Amino acid sequence: MTLTDTLIPVYNLSTCSNGKNFVIWRMEREDIPLIATPHRHDSYSINLLLSGSITVYIDFEKHVVEGPAIISMAPEQVHQYEDVEDCDMILLSFGQDYLFHEMQGWMACWECMFGHVVVAIDDSSKEQLHTYARLMMNEYAIERPQQDGILRNLLSAFIMSCGRLRDKSDVVMQMDSNQNKLVYQFKSQVDANFREKTQVSQYADMLYVTPGHLNDVIKSTVGKTAKQVIDEKRVMEAKRLLFWGSHNMKEIAWHLKFEDDAYFNRFFKKHTGLTPSFFQRSIREKYN
């Protein structure tokens, strides 16, 4: 494990898998590790729950999931498995840029596929996804020529099949690949720099575009202004630390690079309507 965050542990996919950027494995009840410590991954994860049930905390929600279902998590989401019962599950993890070229031009902001943490599926959908998963496991098991390309294409098909299960109102569209690239680059930079860089102009400079152009592209594809994306990332990280951590407001404010805890308090209340301490108390009372 490589710790990339001092407050909540982050598991690095490459370190845990001997340098690989994609892994897939099947776990039955006795094999599933119930990691007691809240943690996150630096990669995307999709769990295909074939049967049984599993209880998992993801960010601020407790999910009791009955199979068949899909459990998906984006990088940095804090989670903790609590209980399993007669569980048969296939787990996939892949790096943040593993499918970027395959998805260009296909879907605006394709990582929004991971916005729905849990999706229940019927038996027909389970069999289709299970077929793709079996093909990936067979290909992954033995190194052979063109293995990486085949795995990428199978994973693309698996994710697109998952996308068809979601509500039709979600954003799934053909779009300009240059716009898709800019959205991807912007969100990647925000994920890496949101603590230190909080202004749209700073990201525009890094991406060699004007702030106005960056904002127009982000708003037309994501449905939010670039500044909203930055601020929402900061608020989400604050909520994660308030719920999962054991640190005081000054430590959290310092970790998120606020000038002081008073400024952090005002920022959090502006965006949530709640003070950090009230949010922390209420969310913990809800689940504890």
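The values are calculated or read from the model by the stated rules, or taken from the named source; none is laboratory data. As the structure is a prediction and not an experimental result, all values here were calculated from the model. Here Cβ is always computed from backbone atoms with ideal geometry, including for glycine, and neighbour counts include all displayed protein chains.
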Find the residue count for the stretch 202-233, including only residues that are of a type in the set (D, E, K, R), closer than 29 Å to L7 by Cα and at pLDDT 95 or above.
2
Give the residue, chosen from E251, E237, that is in a helix (DSSP H, G or I), under 22 Å from the mean Cα position of the chain (by Cα), modelled with pLDDT of 90 or more and within 30 Å of E82 (Cα to Cα).
E237
Just wondering, is there one or more residues in the stretch 188-199 that are of a type in the set (A, V, I, L, M, F, W, C), surrounded by fewer than 18 Cβ atoms within 10 Å (Cβ to Cβ) and in a helix (DSSP H, G or I)?
yes
Candidates N180, N193, filtered to the one that is of a type outside the set (S, T, Y), on the phi < 0 side of the Ramachandran plot and at pLDDT below 80:
N180
Any chance you could count how many residues in the stretch 207-223 are surrounded by fewer than 14 Cβ atoms within 10 Å (Cβ to Cβ) and either in a loop (DSSP other than H, G, I, E, B) or over 23 Å from the mean Cα position of the chain (by Cα) (or both)?
5
Report, by residue number, each residue of the stretch 123-159 that is of a type in the set (S, T, Y) and closer than 14 Å to L50 by Cβ.
S124, S125, T131, Y132
